[in-house]
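Any read-out appearing in this document is the output of simple, stated calculations on the displayed coordinates, not a laboratory observation. Not measured: the values here are computed from a predicted model. We place every Cβ from the backbone using ideal geometry, glycine too, and count neighbours over all the protein chains shown.
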Amino acid sequence: MNERIRKNEYDQPIGKEVIGWTTRELPEKFKLEGQYCSLERVSLEKHLDDLYEVYGPNSRPENWTYIPLNRFEDKSVFADYLQTISQSLDPVHYAIIDKSNGKALGTLALMRIDQEQGSAEVGFVIYADELKRTRIATEAQYLAACYIFDELGYRRYEWKCDALNEPSRKAALRLGFVFEGVFRQAVVYKERNRDTAWFSIIDSEWPKVKQRIETWLAPENFTEEGKQKSSLNLL
């Protein structure tokens, strides 16, 4: 059933009341811990070699089609890039660490941070092939969302991608983001147009989304060989 629509003294419909809202803090935490992985603020000293395997010439070129970067062909150039993003406050870049071996398998970033309105986006999602479609990949996204909603108290969490990037669109929906529409001719990158697909989770939806992901991540949802028993899409 729809919520009763509020009206002002002029009989005009207005949004629901938000009482006691205050500006939120920036996401500044250096480490987020999970069962299978941790997120660590990227570090030149700690993550250069591992992340060069993800960002460098050994990565498949098709991995870079929808990313506003090209893979790095020179390790010293990548080192400069890594040093720069390690100092950034927006985006805040995290390395995704496999807790079984301590290896960095990719990155994600919290970005377009609006402290006044309590909104942030997850972006720069760049994975090694071995990270894709794994528990770690899902848990990394879960940890970032928990930080935004549960610790920092933001109201809105966004996912955006090239509207033609079907794997990214499917990943957003699988993780519980709601499709909001397409911004046409939103960006020019790599000498081509990008229509941008927008997705979001809002704070009122997060408890249900969170429970669903936790159910999927539970060890009992996986066989000894690491195969899922129930798909996240079906939970």
(message) Helix 135-146 against the longest principal axis of the chain: what's the angle in degrees, Cα atoms only, rounded to the nearest 10?
(response) 40 degrees
(request) Treat each spin label as a single point 7 Å out from the Cα along the C-beta direction, and report the ILE14 to ASN63 distance in nm. (result) 5.2 nm
(message) Residues of segment 166-195 with the amide nitrogen closer than 19 Å to a label point 7 Å from the Cα of GLU73, along Cα-to-Cβ, please.
(response) 190-191
(request) Anything over 20 Å Cα to Cα? Flag those among LYS46/LYS227; LYS29/LYS227; LYS31/LYS103, in the order listed. (result) LYS46/LYS227; LYS29/LYS227
